[in-house]
Amino acid sequence: MYLGETVTTVGFWVGTLLPFVYVPVFLTGLNSTTRLGIFFALVAFNVLALVVGHDYQGSQPQ
């Protein structure tokens with residue numbers, strides 16, 4: 001497996017599983033600027049991971 005394929009695979013899986021991290025953030029509330037910043041950082045990281053993992057071969061229909 002090449003480095004590019006590894007990065008794409010990791011990006012795909014991080015982008016797929018990261019939304020589960022949103023749940024505790026929502027349950028604790030977004031009532032401070034710190035938590036709101038954490039939420040926006042998670043969303044930005046999730047978008048970046050989805051862009052990097054977009055070409056993952058395991059997600060393509062055969």
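Throughout, read-outs are computed from the coordinates displayed, never taken from laboratory work. Everything numeric here is computed off the predicted structure, so don't read it as measured data. Neighbour counts are summed over all protein chains in view; Cβ atoms, including those assigned to glycine, are modelled from backbone coordinates with ideal geometry.
Overview of results
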{"quantity": "First in segment 1-23 and in contact (Cβ under 8 Å) with a residue 40 or more places away in the chain and over 25 Å from Arg35 (Cβ atoms), second anywhere and loosely packed, with under 12 Cβ neighbours inside 10 Å and of a type in the set (Val, Ile, Thr), Cβ under 9 Å, 6 or more apart", "calculated": "Gly11/Val51"}
{"quantity": "Residues within segment 29-54 that are surrounded by 10 or more Cβ atoms within 10 Å (Cβ to Cβ), over 24 Å from Thr8 (Cα atoms) and of a type outside the set (A, V, I, L, M), tallied", "calculated": "3"}
{"quantity": "Residue match in segment 21-28 (condition: out of contact with any helix residue (DSSP H, G or I) (no Cβ under 7 Å at 6 or more places or on another chain), outside any loop (DSSP other than H, G, I, E, B) and surrounded by 12 or more Cβ atoms within 10 Å (Cβ to Cβ))", "calculated": "no"}
